[in-house]
Each structure stands twice: as structure tokens, then as C-alpha cells.
Amino acid sequence: MGSRKTKRMLFAMIVMFLVLVAVIAYMNLDAVKTKLGLSEEDQAVEAVASEETEGAQLGNNLSGFLHDETFFDPEVKFKSIETYSGRSVFLVMSSVSKDLRIMIVDSVGKLVTGAPFVIKIQGVGEYTDSDEDGVVYIDGLRAGEYHVSLEEAEGFIVPNTVTSIQVREQIEYRVLDDIEYLIMTENDIDVEKEDKAVNGAEEAADGSENTDLQFSGDGARLGIDVSKWNKTIDWEQVEDAGIEFAIIRCGYRGASSGALVLDPMYEENIKGAIAAGVPVGVYFFTQATNEVEAVEEASMVIRLIEDYDVDYPVFLDSESAGGKGRADVLDAEERTKIHKAFLETISAAGYETGIYGSRNWLNDEVDMTELSDYKTWLAEYADVPAYDEYYHMWQYTSKGTVPGIGTGVDLNLCYMNIDTSINHAKGAAGYSGVINGDSGNVPTVGDGD
């Protein structure tokens, strides 16, 4: 009996000891987990699991996992990591006329290049960005509503929605909202292949041109036109020299690739000129081969000038690229139609606009009777121009010298009435409407007199 009683007492003591150890361990749970090598992440997972199962009955079926189809799925563990490590991309779309331009951009608004994205248009088909430039362009579409989506692409987070867009029947001369995505800098292109404008007036010069500053007493204003080729300009000196206006190149379309390129000196020039009190206009060298591209060019120009007080017209520089330009193959009828699309878009935005070209170019390569509603900027390097049509501005030499400019510079006489008292910058009183007032009061010149 004594032996049995002793065993029971010993068993009771062991049970009490184990209970005491369990209580102490529970009270020091964090320390125990640390001793066992459990990380904070493991503890967090354990806590989540505890919350999810709280109040639920844990069954006795230890083989229940066999009925869970995702239990052995290797993708489940890594799916969230893959999703959040990708680069988010979005679709930006526009239509000018029976066409659709789709651009794949990232969260900061830059084109995403280097990936063969696939665009799906419901009821039409799939289109691949085969050149991986971030742009898919489709023409020849019927007018109507289209539903567009972007297929999944490795390494990218694509929108899982379908976007609708209306494709237009007739061309609309309005600024494209997404044009910023297409504007490039010279760092993005091969400049030697792309910036190829050939000065036709210089080739046709007869040797009688006057290279001095011509201060006219008949109301004409003396001005210059400049681009990156004139390098850094001291605009204070230019203004002190008596220069009354400057036409600044804002950009050009590449002669080979057709890229829309910003003149690298544009912002410095337009800010410097305005700050020095020199009124400005702008010009753009075109290589558009259709009306859609002309609207793109005009849209780029408007985006570049809308924040500045641009008093003088926006001119389309219509010249050859020495036979190496994508637009050099156009005939006069095609070129005129395309130019008109540019001019109409600029005009519709409230800016005065016109065309620049040499005498021979204006006579032979465009139909000026179709462009008579716009200003004409003649380039003819002669003592007296032989051009027998109306012109509103005359570039009479490319060999002028002006203090503050270290290169030869184009000199011009302007015969237009320009009201420089109105601020034409976006948000200012003169932003909309015909920018230079009633064109019927603007004197024009046909023979240089």
C-alpha cells in the first residue's frame, strides 16, 4: 500500500511540474520563440493564421489538404511578389481621321520602349509593337467606336480593363492631347540623318543680296530668325542692336525617321528673347507626308508655344531635305494639301500662321493660290525680290551679323501690323482668337517696294 501511495504522489508532482513549466513558457512566449529561432515574419504569419482560425472548429481530418487544389500550387507563394515588382503601363490613344494611334506609357508619362507589346482591338484583331518603340499606329479604319486592351506582358503590370475610343470619319484640325508623348530630343535620334533642311534661297542667291541691317523707313520692322545653328545668343545685345523681332525654330520632323524633334536651343532662345523685350514668333521644319502627320506637327508647335507670349505668326518651314527627306517625293498638290492641314490646325487654335519658303520653292513645289488665306514669308537673297506674289515678310540674307550672335544670322523685314501689347500666353487675355488682329489691315508687298 505504501508503495502505491508513493507512486501516486510522485505522479501528481510530475503533473504539477509540467503545468508550472507550461504556465511559465506561456508567460514568456516571445522569449521562447526567440530561443527556438522563430523570426518576426514567422511570428506574423502565425498570428495571421491564429486570427483566421479563431472561433473556427479544427477538424480531425489530417488528410484534408489533399482536397485543396491550390495546396501544392508553386505560383501561390510568389504571385504577389511578381505582381508588385512589375512596371505599371497604361494606354494613351488618339484619332485624327480613320486612324488610331495607341501609345504604351509608364506612370510618369514616358513611352515604354524595348518590349513587343500586343494590342487587341475587339472585332478587328491583334497588333504587335514590332519595332518596340511604344507606339502602335493603325490606319484605314472605319469611323466608329473601338474597344482596345493590352495583352499581358512579362515584367509589366498591364491594365485589365477595355478602353473605348471614337475613330473619326473626317479630319479635325485640333490639337492632339497626347502629342507630348511623341516629342523627342536630339539625344534620342541620329541628328545627321534627321536635321536635313536645305536652304533653297541660298542656293538660288544671285549675289546682289544686302547683308547689312536694313532699317526701313516705310514701317517695316527688322528681325532675325534663329535655331540651334546660331548657338548661344546674348539677347540683351540683340535688343540693343535694334532688332525688333525674332522668329525662333521650335522643332522639326526628322527627314529620315519622321520623329518629332525639339530644337535643343528653343527654350533658351524663346525665354531669352522675351526676357530681353524682343517679340517672338516660331517656325517648324516639316517633313509630314500626310495630313495626320501635319496635325501632329501643328499640335507639337502649339504645345511648345502656349505658355509664352508669341506675338508673331507660327510659320511652317517648307523646304527640301536635299532629296534625302521623306517628304521630298511629294508633288505640289499633295504637299499643299498637307501644309493646309498644319496651317488650319494652328489657325483653329487661335494663332496667326503662314508658310516660309524660297522663291523657287513657293513657285514650283506648292500651290500658293490654295494657301492665300495665310501669311507668306519669302526667302530670296537678292537686292530686289523677283517673287511676283504677295508676301508679308522677307528674309533677305542668311549672312547678317548682329551683336550678341557669334554666327551668321538670317535677317528679315516684316511688313505686318503686329500688336505686341497683347499677352498671347495661355491663360492671358490674348490667348484665343486671331492673334494679330484684323489681317485686312496688314500691308502686303508684291515687288519689294
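Segment 83-167: percent of C-alpha pairs farther apart than 23 Å? So the pairs more than 23 Å apart make up 17 percent of the total in segment 83-167. The equivalent ellipsoid that matches the C-alpha gyration tensor of segment 95-249 spans semi-axes of 47, 19, 16 angstrom, in descending order.
Under the criterion of Cα pairs below 8 Å and six or more residues apart, the relative contact order for segment 83-167 equals 33 percent.
Ordered by the count of other Cβ atoms within 10 Å of each Cβ, fewest first, Thr353, Thr161, Thr128 give Thr161, Thr128, Thr353. Label sites at Leu18 and Ala386, each approximated as a point 7 angstrom past Cα along Cα to Cβ, lie 11.8 nm apart.
Over 23 Å between C-alpha atoms is what I'm after, so list which of Lys196/Lys426; Lys231/Lys340; Lys340/Lys375 land there. As for pairs spanning more than 23 Å Cα to Cα, those are Lys196/Lys426; Lys231/Lys340. Per-residue Cβ neighbour counts within 10 Å put Leu304, Leu316 in the sequence Leu304, Leu316, beginning with the fewest. Sparse packing (at most 15 other Cβ atoms within 10 Å of the Cβ) combined with a DSSP loop state is found for the following GluC sites (Glu not before Pro) in segment 108-177: Glu132, Glu151, Glu152, Glu154, Glu169, Glu172. Shape of segment 179-441 from its Cα gyration tensor (a ≥ b ≥ c, root eigenvalues): rounded if a/c is under 1.5, otherwise prolate when a/b > b/c, or oblate? Rounded. Using the Cβ-Cβ distance between Gln214 and Gln122 with R0 set to 51 Å, the FRET efficiency from 1/(1 + (r/R0)^6) comes to roughly 0.20.
Residues within the reach of a label modelled at Asp419 (point 7 angstrom out along Cα to beta-carbon, backbone nitrogen below 19 Å), restricted to segment 309-324, are 309-314. Relative to the current alpha-carbon distance between Thr369 and Arg174, full extension at 0.36 nm per residue lengthens the span by 67.8 nm. Listed by Cβ neighbour count within 10 Å, with the fewest neighbours leading, Val15, Val136 appear as Val15, Val136.
We did not get these values from a lab; they are worked out from the coordinates using the rules stated. All figures in this text were calculated on a predicted structure; none of them were measured in a lab. Ideal geometry is used to build each Cβ from the backbone, glycine not excepted, and the neighbour counts take in all protein chains shown.
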